[in-house]
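Asker: Mind having a look at this structure? Questions to follow.
Values in this text are rule-based calculations from the coordinates and carry no lab data. Computed from a predicted structure; not experimentally measured. We place every Cβ from the backbone using ideal geometry, glycine too, and count neighbours over all the protein chains shown.
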Amino acid sequence: MKSTAILLLSSYGLLFGSQSGSAEIIHDMTIFVFQLGIIIFSAKMAGMLFEKVKLPGTLGELMVGIVLGPYMLGSIPLDFIGMHEGLFQLHEGFIPLSNEIYGVSVIASIMLLFITGLETDIDLLVKYAVSGGIVGLGGVIFSFIPGAIVGMIAYDASFIDPRCLFLGAMSTATSVGISATILSKNKFMESPEGVTILSAAIIDDVLGIIVLAIVAGISAIQTIGGSIDWIGISVIITKAVLIWIGFTIAGLLFASRISSFLKKFKDRSSITVLALGMAFFLSGIFEQAGLTMIIGAYIMGLSLSKTDISYVIQETIRPLNAFFIPMFFTIMGMLVNIKLITLPVLTIGLIYTVTAMLGKVYGCGIPAMLTGFNKTGGMRIGFGMMPRGEVVLIIASVGLSNNYIDHEIYGIGILMVLVSILISPPLLNISLKSKKKGTKKDKEDPDTETFVFNLYTPEKTEFFVHSVVDHFDSEGYYISIIEAEDGEDEIYQIRKDKIFIKMFKHTDSISVVLKKQNMHFLKTLIYESFLKCQDNLDKIHKKTDLMEIKDILFEKTFIKENFDLSLLIDPDCVVFDLKSKTKEGVISELVEVLFEKGKINDKQLIYDEVLAREKIIGTGLKNGVAIPHARTRGVEHTEIAVGISKEGVHFESLDGEPSNIIILLVSSTKKDDPHLKVLAAISACLHEKNDAERLLTLNSKRDVWKFFKY
């Protein structure tokens with residue numbers, strides 16, 4: 001701690017000392033900090049806002065960048081804080097932002113391509129090399145050529161004019177992240193269409209990066225309207241392909257050694273930081289070799305993708321991604337010169353956008369139909385390959401920063417990204433809603449097998465999954481967890497050496513996908529995990545007096561929760577005269593009330609799950625209060641029914657007395673439902689005897705509702 005303080009004081013002295021030029025450095029850094037804060041906050045807020053209205057967050061991040069950029073609000077003078085030329089003043093040159101801000105986007109682009117490489121499934125690439133290769137290649141060819149032709153017509157230029165080449169290159173790249181999210185939500189990720197889209201996108205990325213290397217190389221040796229050096233172009237193409245292939249092969253060959261070296265550091269953070277450092281180093285080598293630096297980052301990620309630390313790095317680097325990637329999209333939006341988007345440019349942009357999207361739909365859909373898919377499957381694959389995103393922006397920024405394209409063409413590329421992000425998701429969603437099969441014949445994977453294990457309740461599933469994960473961890477496996485957006489399912493990616501297992505945790509079951517040759521190992525591990533769970537449960541049952549624990553937990557005075565229960569209680573769900581004399585009957589009555597008022601859908605499921613919880617130990621407290629409760633799939637969000645029984649019903653209360661106040665609480669299995677907080681709030685609200693007695697004196701549903709109002 002002391003050494004850190006000394007270093008901070010030393011750096012403070014260097015920055016704020018009396019050296020020549022220090023005031024200018026301090027001013028520049030102050031502006032940079034202001035700018036960074038605005039970008040971080042605005043990017044995140046815009047992304048979340050767009051996701052709230054069911055639009056991709058990327059769209060919001062790009063839009064807020066355009067608005068904040070130096071061509072719009074960024075150049076408005078802010079004299080009151082000393083920024084006379086605006087927060088994001090317009091800089092001369094092709095990059096209108098400061099070097100510091102643009103440098104942040106370069107760092108983010110390297111991280112993006114590093115992650116893209118890590119996420120590349122080489123096994124999938126090889127396995128679906130034929131169908132995925134044909135689809136990916138078709139998408140690249142039928143996008144690149146029409147894109148370049150639009151440039152030729154619009155600018156009266158040759159095919160290899162840098163403007164045409166970059167328009168062609170920008171149209172080739174697919175942003176499969178958006179499609180993958182939609183496939184996952186619709187449970188289509190493991191379908192033939194889903195696998196083909198993913199594998200084709202991998203090939204698409206590989207081809208797109210090679211195309212970028214070639215296009216950038218060709219553009220570097222000619223100027224707009226200059227002569228064509230065919231020998232130089234041939235050299236550039238050969239150099240790009242050979243360097244890319246050479247480094248890729250070397251990376252894959254030495255991947256296990258690199259992984260072994262990194263694993264010596266054991267700590268996950270250290271492994272990730274060192275791997276990222278290697279990605280930056282290789283990026284610099286590629287830039288020095290005359291190729292773009294992002295290719296080096298991609299190859300570093302690709303090299304590590306087959307190792308057992310791949311998912312460890314992906315999981316650990318996630319917070320860095322959440323920090324940098326929204327900033328990347330926002331900074332890319334800030335480069336758009338909105339003043340150049342005139343009617344003619346907008347017309348060219350829309351024609352280019354439509355051409356680029358149709359190029360993917362037909363360029364990928366038709367080849368898919370030649371590899372065993374029908375029209376439905378071909379359409380799904382075409383729509384799945386249509387979104388554009390981060391790779392387009394990287395290609396465009398490479399062209400802009402090197403003066404190969406101007407702001408007008410950059411704006412056309414951004415327009416294509418915005419429109420494709422907006423249009424593609426609904427089209428893919430609609431195509432996936434159809435129950436029609438997408439293949440001419442059923443496709444089965446002969447090498448993999450899916451094993452499903454039913455556990456019947458969310459609690460058992462949670463308990464069992466933890467046991468299985470512990471077993472894998474004790475065997476030295478690397479485990480990463482991907483949480484689904486619906487908050488229910490989780491995906492566990494489990495890897496060690498050449499064994500790769502994907503486990504899906506559902507609400508009341510687990511399913512595991514792995515190679516058939518490893519199935520016996522998995523079943524042995526599942527069996528041992530089950531025995532361990534059962535043994536632990538037996539020990540808990542033998543050693544624990546649940547009534548004693550319940551008494552200890554609820555015997556002391558409660559401080560009332562700062563929680564307004566009236567927000568969850570409908571006065572119409574209050575019952576003053578419960579008819580039943582048994583807890584089963586009372587629970588049934590209260591469930592029926594919730595059902596009649598439209599609060600729940602599956603009353604039998606809810607009744608069964610509340611009763612199952614009741615059988616573990618009664619939910620009766622003291623002072624005549626009982627709170628039967630459960631988390632269940634039969635409800636969308638927390639619902640409460642309040643019942644009053646004059647004679648009382650036995651719920652195994654702590655004082656042995658019957659319960660007159662019975663409050664049924666049912667919550668969904670979603671993680672954001674505050675089940676335990678509501679349960680604690682009800683307990684605290686009725687913990688004092690005089691509070692329970694006061695509730696029993698009330699004679700209107702509205703008064704009962706007011707009683708629970710905070």
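Asker: For G86, list long-range residues whose amide hydrogen, built 1.01 Å from N in the peptide plane, is under 5 Å from its own amide hydrogen.
Answerer: Here the answer is L78, since their amide H atoms fall under 5 Å of that of G86.
Asker: What FRET efficiency would be calculated for the residue pair I141, A612, taking the C-beta separation as r and a Förster radius of 56 Å, to the nearest 0.05? If you can, show how the numbers build up before the last one.
Answerer: Numbers: r = 59 Å, r/R0 = 1.05.
Efficiency, rounded to the nearest 0.05: 0.45.
Asker: Right, another one. Mind giving me the nanometre distance, one decimal, between the label points for F41 and I249, set 7 Å out from Cα along Cα→Cβ?
Answerer: 5.4 nm
Asker: Report the calculated FRET efficiency for M29 and D267 (r = Cβ-Cβ distance, R0 = 35 Å), to the nearest 0.05.
Answerer: Values: r = 32 Å, r/R0 = 0.91.
So the FRET efficiency works out to roughly 0.65.
Asker: Going down the list K263/K460; K436/K523; K360/K440; K689/K709, which pairs span over 23 Å between their C-alpha atoms?
Answerer: The pairs that break the limit, which is 23 Å between Cα atoms, are K263/K460; K436/K523.
Asker: If amide H atoms are built 1.01 Å from N in the plane of the peptide, which residues on other chains or at least 5 residues away come under 5 Å of the amide H of T448?
Answerer: Hits under the 5 Å cutoff: K516.
Asker: Diagonalise the Cα gyration tensor of segment 265-408 and give the resulting equivalent ellipsoid semi-axes, square root of 5 times each eigenvalue, largest first, whole Å.
Answerer: Working: eigenvalues 209, 126, 42 Å².
One finds semi-axes of 32, 25, 15 Å for segment 265-408.
Asker: Considering all alpha-carbon pairs of segment 356-420, what whole percent are spaced by more than 19 angstrom? Write down the numbers at each step before the final one.
Answerer: Details: 895 of 2080 pairs.
Tail of the P(r) past 19 Å holds 43 percent of the pairs.
Asker: Hey, another quick one. Enumerate the amide H contacts of T439 below 5 Å, restricted to partners 5 or more residues apart or on another chain; note that Pro and chain-start residues carry no placed amide H.
Answerer: HN-HN under 5 Å from T439: N374.
Asker: Grab the Cα-Cα distance for T347 and S158, subtract it from 0.36 nm times how many residues apart they are, and report the gain in nm with one decimal. Before the final figure, lay out each step's value.
Answerer: On the way: separation 189, 0.36 × 189 = 68.04 nm, distance 2.06 nm.
Taking 0.36 nm per residue and subtracting the Cα distance, the gain is 66.0 nm.
Asker: Let me ask something else about it. Compute the Rg to Rh ratio over segment 552-707 from the alpha carbon atoms, using the Kirkwood formula for Rh, and round to two decimal places.
Answerer: 0.92
Asker: Of the cross-linked pairs K581/K603; K502/K599; K615/K670; K505/K599, which ones have a Cα-Cα span greater than 30 Å in the structure shown?
Answerer: Values: K581/K603 20 Å; K502/K599 36 Å; K615/K670 23 Å; K505/K599 27 Å.
Correct reply: K502/K599.
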